[in-house]
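The values are calculated or read from the model by the stated rules, or taken from the named source; none is laboratory data. Note that this is a predicted model, so its numbers are computed, not measured. In this analysis, Cβ positions are derived from the backbone assuming ideal geometry, glycine residues included, and neighbour counts consider all displayed protein chains. Note: accessible area is taken over every heavy atom of the protein model, side chains too, but ligands, DNA and RNA are not part of it. Shrake-Rupley method; radii C 1.70, N 1.55, O 1.52, S 1.80 Å.
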Amino acid sequence: MSKPSDAVRVARERDFSKGVDWTILEFRQSISTPSLRGAARRAMLLGIVVVVSMIAPFAALLAPIGNTDYGAHVESDGFAGTGLLVIALLCFAAGSIAQVWLLSHWWRAGRHHDSMWVASSAVALGSSVFGLWWFAQFLSRASYLLLLPVLLVTGLIGAVVLYAQRTMTVKSEGGLLRAKGEARAARLRALPAEEQQALLAERRQIVDVLVERELVDEAMAQRVLEMPLGEWWTLREESSTG
């Protein structure tokens with residue numbers, strides 16, 4: 001007996017007591033598709049790098065905590081001197097790059113509102129402003145002057161990106177979720193015919209499992225099976241048995 005696919009396993013094991021999450025089921029299908037699997041892995045890796053870079057400026061503020069000697073060596077649990085300077089430079093540089101990427105990605109994705117992106121820009125700006133005072137307490141004047149331009153650039157970029165997201169966001173029905181859903185639908189419909197047929201066959205297995213679990217009735221099952229590939233996200237979390 002063949003091992004069930006990831007999407008079928010989710011349909012069988014996930015708690016859908018508040019309604020079937022059709023979006024996650026179709027997402028699991030898409031990332032398991034051979035033609036899209038590599039891109040999904042790269043996107044996941046990029047996402048991890050971006051998130052780490054976004055919080056890096058705040059992490060840099062924690063680096064000197066625990067240091068009881070503001071000399072050029074590590075004391076207790078905190079960094080000081082050259083070590084602190086290097087960490088701060090790397091973290092704030094990473095934060096700057098992440099904000100530039102965010103602005104570009106946000107613009108290309110349709111300028112939809114995303115609370116996490118807004119928060120990351122606020123973190124970059126706030127960390128930079130606080131860092132102007134904070135690092136002056138721990139670094140020598142020479143080291144602080146080396147760090148100062150990076151703090152100012154990170155804060156400026158964060159402010160620009162934050163301002164853009166607050167004033168240039170496109171208000172549309174569905175917003176970011178709709179944009180992501182439509183983009184995924186386009187990718188699925190561009191797949192080779194054999195992979196589309198495999199996805200449709202897998203859909204039948206998913207729906208059969210949901211019917212067996214009494215999470216959807218026959219009418220709903222027929223409805224979702226007749227929908228084009230990539231359109232399950234429009235159902236949101238819907239269950240015909242409510």
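Observations
- Nonlocal amide H pairs with His112, under 5 Å, H built at 1.01 Å: Val170
- Each of the peptides 122-131, 103-112, 33-42, 157-166 was scored by the mean count of other Cβ atoms within 10 Å over its residues; in descending order, highest first, they stand as 122-131, 157-166, 103-112, 33-42.
- Which labelled figure in [x] 17.1; [y] 13.3; [z] 18.0 is mean projected area of the Cα convex hull in nm², once derived from the coordinates: [x]
- In region 167-216, trypsin sites (Lys or Arg not before Pro) in a DSSP loop with at most 15 other beta-carbon atoms within 10 Å: Lys171, Arg213
- Taking all Cα pairs closer than 8 Å and separated by 6 or more residues, the relative contact order of region 86-242 comes to 25 percent.
- Using a simple spin-label model with pseudo-atoms 7 Å out from Cα toward Cβ, Ala142 and Arg14 lie 5.8 nm apart.
- Probe 1.4 Å, all protein chains present, accessible-area order of Met44, Met168, Met54, largest first: Met44, Met168, Met54
- Sequence-ordered 3J(HN,Hα) estimates for region 95-108 from the Karplus curve with 6.51, -1.76 and 1.60 and θ = phi - 60° stand at x, 5, 4, 4, 5, 5, 4, 4, 4, 5, 5, 4, 5, 5 Hz, glycine and proline given as x.
- Here each label is just a point 7 Å from Cα along the line to Cβ, and for Ala190 and Leu225 those points are 3.0 nm apart.
- Extending 7 Å from Cα along the Cβ direction at Ala43 and again at His113 yields two label points whose distance is 2.4 nm.
- Entry note, the chain: the mean residue ellipticity at 222 nm calculated from DSSP H runs of n ≥ 4, each adding -39500 (n - 2.57), is -23500 deg cm²/dmol after division by the residues and rounding to the nearest 500.
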